[in-house]
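Okay, so here's the structure we're looking at.
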Amino acid sequence: MTFIDKLSAAWTRNDSLLCVGLDPDLARFPAQLQGQPDAIVKFCKAIIDATADLACAFKPQIAYFAALGAEDQLEQICAYLRTNYPHIPIVLDAKRGDIGATAHQYAREAFERYGADAVTVSPYMGFDSVEPYLEWADRGVIVLCRTSNAGGSDLQFLDVGGRPLYQHVAQLVAEKWNRNGQLALVVGATFPEEIAQVRKLVGEMPLLIPGVGAQGGDVEATVKAGRTPGGAGMMINSSRAILYAAPQAGEDFAAAARRVAQETRDAINAARRG
């Protein structure tokens with residue numbers, strides 16, 4: 001099963017466009033996990049178990065693991081996902097941006113070491129920075145297009161033949177680079193009008209949309225801008241708002257995460273059916 005097939009099946013099975021980001025920050029872990037050598041694994045497994053029926057994908061951000069020398073724990077977490085939730089895609093958020101043999105090694109890291117179904121990459125070095133990943137025909141490659149940060153406009157809005165660069169990237173990916181139907185795009189929820197522009201250019205290509213939750217993106221505007229005619233086409237990511245949700249009476253951290261994940265999933269569904 002390809003990444004696109006797996007994602008489409010997850011949209012339907014879990015009735016969800018919610019992608020749960022895994023950004024483990026030890027300083028924000030609950031007291032019972034503080035100081036434990038395997039705290040990252042325990043925390044992420046608890047979040048995964050609490051939200052797996054609400055998510056269409058999980059997105060571990062590699063920097064949160066690598067900064068702590070916890071790549072082995074990331075391997076364990078990815079293996080746990082593949083074993084217990086094989087129907088849910090793993091998107092490794094790495095934003096790699098190199099070429100040739102180096103890009104090939106980054107692809108091996110994502111697809112062989114971690115067993116990810118897809119990986120995020122930067123297009124700044126052109127198709128040479130994407131092509132090595134396409135050797136893994138069943139995996140996805142998610143290309144940065146219009147990012148959710150304000151500073152993205154420094155480059156992404158540069159005029160290219162009468163239109164902004166992000167639109168040029170979107171059309172290039174959709175029409176020339178997507179040779180095997182493996183590609184998707186990153187478009188931030190903080191710019192719903194630009195999501196709509198990208199959707200017009202790329203048809204039903206999947207979009208990974210960060211920026212809801214802690215970054216303040218508007219769920220309803222995001223969904224209406226990015227949904228496909230069938231009401232899907234998106235992985236709408238929320239990380240910190242779910243991972244570090246404040247527990248209410250009787251809740252532990254995992255139950256709080258589930259509550260916020262369900263609220264987010266339901267808000268997304270209300271918008272796409274409204």
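Read-outs: derived from the displayed coordinates by stated rules, not from any lab. Everything quoted here is computed from the prediction, not taken from an experiment. Every residue, glycine as well, gets a Cβ built from its backbone with ideal geometry; the counts of neighbours run over all protein chains shown.
Observations on the structure shown:
- Across the range 106-115, rounded Karplus estimates of 3J(HN,Hα) from the backbone phi angles (6.51 cos²θ - 1.76 cosθ + 1.60, θ = phi - 60°) give 4, 5, 4, 4, 5, 8, 9, 5, 9, x Hz, Gly and Pro being marked x.
- Amide H contacts of LYS95 (H built 1.01 Å from N, under 5 Å, at least 5 apart or other chain): THR120, VAL121
- Nearest-20 debye value, the chain charge dipole, Cβ charges on Lys, Arg, Asp, Glu: 500
- Using θ = phi - 60° in the Karplus curve 6.51 cos²θ - 1.76 cosθ + 1.60, the 3J(HN,Hα) couplings for the range 222-228 round to 4, 5, 5, 6, x, 5, 7 Hz; x is entered for Gly and Pro.
- Cα gyration tensor shape for the range 151-227, rounded if a/c is under 1.5, else prolate or oblate: oblate
- Extension gain, ALA31 to ASP53: 0.36 nm times the residue separation minus the Cα-Cα distance gives 5.3 nm.
- Note on PHE127/GLN105: beta-carbon distance plugged into 1/(1 + (r/R0)^6) with R0 of 30 Å gives a FRET efficiency of 0.95.
- Residues with amide H under 5 Å from that of MET234, placed H, sequence gap 5 or more: LEU207
- Relative contact order (percent, whole number), the chain, Cα cutoff 8 Å, 6+ residue spacing: 20
- Correct choice for semi-axes √(5λ) of the Cα gyration tensor in Å that was computed from the model, options (1) 39, 24, 17; (2) 28, 22, 17; (3) 40, 20, 17: (2)
- Cα gyration tensor category, rounded, prolate or oblate, for the range 1-146 with a/c compared to 1.5: oblate
- Cβ-placed point charges (K, R +1; D, E -1), dipole of the range 78-188 about Cα centre in debye, nearest 20: 160
- For a straight C-alpha distance cut-off of 14 angstrom, the aspartates and glutamates reachable from LYS42 (same-chain residues fewer than eight places away being disregarded) are ASP23, ASP25, ASP72, GLU75, ASP252.
- Residue-by-residue Karplus 3J(HN,Hα) for the range 171-181, coefficients 6.51, -1.76, 1.60, Hz, glycine and proline x: 5, 4, 4, 5, 9, 10, 7, 7, 4, 10, x
- The range 175-268, dipole about Cα centre (Lys/Arg Cβ +1, Asp/Glu Cβ -1), debye to the nearest 20: 300
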